[in-house]
Amino acid sequence: MQLDYFQLIDRVVDLNLDEKRITVEAQVPQTHTIFEGHFPGFPIMPGVLLTEAMAQSSGWLLLGVMKFERMPFLAMVKEAKMRGFVSPGQLLTIEARIEHEGSGFAVTSAKARVGTELKCSADLTFRHIPFPDPALRVHMDAMAHKIGFPLQAITQ
């Protein structure tokens, strides 16, 4: 994770476009200034960042399903549940799947685990539009390469 740049996904572990699901990993940093205030003596990953990590995972799935032709933007978080604490240094495994897509919107469900222990879950709604700026598309292509997004999967 690169918290300072809001890049919360480290690598794509599995992408199945037929089943419309993705699995990613995110290594929570061992040290970061965010843990100094959240919370002194008991550092935990903020729930809002866990939700964002689930949203980013869902976003990568949607990018793949839409063949990088449209950019998803988070529009709504529903049924978000924090079920346990995530500590510095832990490895998050996040799974997301598409529940509905159509009319410029998509709904995903996502779950984040540490090992086999469920830490959080949410239903997420996205609005997707054509890339609003070519620079954003270039950036997303570079990030896809960085996290090991299998671009060949969307060209088949």
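The values are calculated or read from the model by the stated rules, or taken from the named source; none is laboratory data. Because the structure is predicted, anything quoted here is derived from the model rather than measured. Positions of Cβ are generated from backbone atoms using ideal geometry, with glycine treated the same way; all protein chains shown enter the neighbour counts. Note: areas computed on protein heavy atoms with side chains; ligands, DNA, RNA excluded. Shrake-Rupley method; radii C 1.70, N 1.55, O 1.52, S 1.80 Å.
Restricting to DSSP H runs of at least four residues, report the calculated mean residue ellipticity at 222 nm for the chain, -39500 (n - 2.57) per run over all residues, nearest 500 deg cm²/dmol. Mind showing how you got there, number by number?
Numbers: 3 runs with 37 residues, N = 156.
Computed mean residue ellipticity for the chain: -7500 deg cm²/dmol.
Size of the dipole of the chain about the Cα centre, Lys and Arg at +1 and Asp and Glu at -1 on the beta carbon, nothing else charged, in debye to 20?
Numbers: 15 positive and 17 negative charges, 34 e Å.
My answer is approximately 160 debye.
Looking only at the chain, where both bridge partners belong to it, what percent of the DSSP beta bridges are antiparallel (to the nearest 5)?
Details: 43 of 43 bridges.
Within the chain, antiparallel bridges account for around 100 percent of the total.
Order 69, 52, most accessible first, counting only protein heavy atoms with a 1.4 angstrom probe.
Result, largest first: 69, 52.
Nearest 10 degrees is fine. How inclined is helix 134-147 to the longest principal axis of the chain, computing both from alpha carbons?
It is inclined by approximately 60 degrees.
When you have a sec, figure out the Kirkwood radius of the stretch 79-156 from all distinct Cα pair distances and drop it here in Å to one decimal?
Values: mean 1/r = 0.0665 Å⁻¹.
Hydrodynamic radius (Kirkwood, Cα only) of the stretch 79-156 equals 15.0 Å.
Given a 1.4 Å probe, how much area per residue of the stretch 1-51 is accessible, in Å²?
That works out to 57 Å² for each residue.
Counting only the heavy atoms of the protein chains, how much of residue 11 is accessible to a 1.4 Å probe, in Å² to the nearest 10?
Accessible area of residue 11: about 90 Å².
Jot down the radius of gyration and Dmax of the stretch 113-155, Cα atoms only, both in angstrom.
14.9, 40
If one puts a single equal scatterer on every Cα of the chain and applies the Debye formula without solvent, what log₁₀ I(q)/I(0) results at q = 0.15, 0.16 Å⁻¹?
Cα-only, vacuum Debye calculation for the chain: -0.76, -0.86.
Quantify how much of the Cα-Cα distance distribution of the stretch 72-115 extends past 14 Å, in percent.
Details: 567 of 946 pairs.
Of all Cα-Cα pairs in the stretch 72-115, 60 percent lie more than 14 Å apart.
Considering only C-alpha atoms, what is the centroid distance from the stretch 61-103 to the stretch 1-59, in Å?
Going from one Cα centre to the other spans 11 Å.
Could you please state how large a percent of the accessible area of the chain is carbon and sulfur, counting protein chains only and using a 1.4 Å probe? List each step's numbers first, then the result.
Numbers: 4440 of 8160 Å².
Summing carbon and sulfur atoms, their accessible area is 54 percent of the total for the chain.
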